[in-house]
Amino acid sequence: MYLCYQYYPITAKEKNMTTYIHALNGRLRIKIPELKGNPMMARELEDNFNLLTGMHQVSANPVTGSLLFIYDPHLLDQEEIFAALEEAGHARHHSAAAAHSGMVETITSTVASGLMEMALTRLVGALI
């Protein structure tokens, strides 16, 4: 299942923080661009998130910028992990509803533009 959560940097120096998230029950993978090429951050994230109750394993990969959480879904849920990431200063959460709303607005605008262009083309054709 692919979720539409988006995370953005808290500071201006961090750029392009939109992340890819893949989630299954008890398993969550998040791409964090600021993790890429940063082995110290990888160790820090693993050490800190392994302390969460219900967390079985955290693997941070500084080569890919990927952070993998294996957890007990009866003791810990995705929102708690997202909240911990936000609290640690690695992300600011924008809800799935807001992301969905933005996608709907973009699609609506694109469809409306296409329909307007088609109507104008037909009108010009009829006038000629």
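The values are calculated or read from the model by the stated rules, or taken from the named source; none is laboratory data. Just so you know, these numbers come straight off a predicted model, no measurement behind them. So basically every Cβ, Gly included, is an ideal-geometry build from the backbone, and we count neighbours across all protein chains shown.
Considering only residues that are in contact with a Lys or Arg (Cβ under 8 Å, 6 or more places away or on another chain) and either within 16 Å of PHE69 (Cα to Cα) or surrounded by fewer than 15 Cβ atoms within 10 Å (Cβ to Cβ) (or both), look in region 5-52 and name the one that is modelled with the highest pLDDT.
For region 5-52, the residue satisfying everything is ALA23.
Can you name every residue in region 53-89 that is buried (at least 16 other Cβ atoms within 10 Å of the Cβ), touching a helix residue (DSSP H, G or I) at 6+ places or on another chain (Cβ under 7 Å) and in a loop (DSSP other than H, G, I, E, B)?
Result: PRO62, GLY65.
Looking only at residues that are within 15 Å of the chain's Cα centre (by Cα) and aromatic (Phe, Trp, Tyr) in region 58-117, which one is modelled with the highest pLDDT?
PHE69
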